[in-house]
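Below is one structure; the comments refer to it alone.
The values are calculated or read from the model by the stated rules, or taken from the named source; none is laboratory data. In this text the structure is predicted, and so the values were computed from the model without any measurement. Using ideal geometry, Cβ is built from the backbone for each residue, glycine included, and neighbour counts are taken over all protein chains shown.
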Amino acid sequence: MASSSTPEHQQLAQAVNDGASAINAASTTEELRTVVSALTGKKGAISTIKSSLGKVSDVEMRKELGQLVNEALTSLQAIADSRSQQLRVGEFASVIESDRVDITEVAMSARATQRRGRLHLVTQATERLEDVFIGLGFQIAEGPEVETDFYNFEALNMPPSHPARSMWDTLFVESDEPGSVVLRTHTSPVQIRVMQDWPPPIYAIMPGRVFRKETPDATHMPVFHQIEGLVIDRGITFADLAGTIESFTKAFFGEGFTSRLRPSYFPFTEPSAEFDIRRPDGSWIELGGCGMVHPHVLRAGGLDPAEWSGFAFGFGIDRMAKERHGVNDLRDMYSDDVRFTEQFS
Ligand code: FA5
């Protein structure tokens with residue numbers, strides 16, 4: 001700006017200073033636009049100075065001041081442009097910030113929602129058992145968990161007051177006829193239902209939940225699972241039972257395992273046996289009961305014992321799962337702790 005210092009010069013310098021401060025004080029592009037149009041508009045300080053130039057009598061001075069006015073406008077415009085640039089960068093950054101999608105968050109939540117659950121060990125064991133038996137030619141059947149005394153006991157050769165009923169600590173369901181409805185204590189009642197419903201020959205397995213009035217410990221639960229097996233055909237012998245159990249043991253547990261049958265007693269099979277498996281380390285563990293289907297049971301199922309014979313077995317699935325996965329305590333399998341289940345894929 002020229003060195004001469006008339007009041008117009010001073011006003012102009014003041015207007016440029018004030019204008020620059022106002023421009024830099026604008027905090028949004030919107031506010032900046034208002035400030036700039038006030039400064040450069042007809043009523044702005046610069047225009048006021050410009051219109052007062054007519055009063056300057058010295059032509060050279062007027063020319064110089066005219067040029068200074070233009071320079072002032074240009075410099076204010078430059079300051080405004082630079083401020084505008086700054087503000088736009090800031091505003092763009094805040095738009096970006098507010099629209100920001102945190103892809104790590106998305107990835108985390110996707111992982112959380114896609115986190116896959118695992119099947120319970122007993123479900124895994126049941127499915128595997130089903131696969132093994134289907135491979136051996138068996139079909140799957142199911143029966144009700146709330147059973148009548150007839151299916152749970154009587155048809156299984158345990159008439160009322162039969163002492164063998166005490167082998168199972170029974171939970172009764174309230175009913176019109178007290179004692180006539182129970183939570184099934186084993187899957188054996190499904191044998192009767194299958195014999196009644198399916199024409200022989202029958203090769204069936206019947207997995208399901210069973211209930212007993214028992215205190216939980218490492219090998220006992222009040223609610224647990226069994227898998228029943230029933231084979232009815234002509235000329236079935238104990239050797240067929242032993243062979244089936246051995247094939248099953250190797251298929252389910254692996255080639256290192258073998259099975260043995262020990263004489264035992266169940267009212268619904270005759271002869272009866274207890275089924276143990278031998279671990280590769282030589283130790284034995286009891287898994288269930290089995291035997292040749294008692295003639296009374298065949299009759300209760302509507303079959304003629306003179307024509308049909310068969311075998312049945314019932315294993316504890318929970319104990320099998322426990323054995324297969326090296327779980328120490330059955331109660332751990334029901335702790336509802338996903339960290340436990342996650343160990344077994
Ligand atoms: C029975 O329940 C017979 N119905 C089995 C049977 C079927 C024999 C067909 C002959 C022919 P038992 O009460 O022993 O038998 O139970 C069979 C298996 O269930 C046991 O060997 C054990 O593996 C499992 N089991 C029994 N009680 C429990 C329990 N409280 N918790 C977990 N598993 C159990």
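Overview of values
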quantity	calculated
Every residue from the stretch 175-212 that is at pLDDT 95 or above and over 27 Å from R319 (Cβ atoms)	V181, Q196, D197, W198, P199, P200, P201
Considering residues of the stretch 286-297 that are near the ligand (Cβ under 9 Å from one of its atoms) and free of Cβ contacts under 8 Å to residues at least 40 places away in the same chain only, the residue nearest to V231 (Cα to Cα)	G289
Single residue of P267, P280 found to be farther than 17 Å from A242 by Cα and touching a helix residue (DSSP H, G or I) at 6+ places or on another chain (Cβ under 6 Å)	P267
Any hit, the stretch 250-266, residues being among the hydroxyl-bearing types (S, T, Y), touching a residue at least 24 places away in the same chain (Cβ under 8 Å) and crowded, with 17+ Cβ neighbours inside 10 Å	no
Any helices (runs of 4 or more DSSP H) falling wholly within the stretch 1-83 and containing at least 1 residues that are assigned by TED's automatic domain parsing to the domain that holds S94 and within 30 Å of A93 (Cα to Cα)	7-25, 29-40
Count of residues meeting criterion [among the charged types (D, E, K, R), touching a helix residue (DSSP H, G or I) at 6+ places or on another chain (Cβ under 7 Å) and closer than 23 Å to K250 by Cα] in the stretch 320-333	2
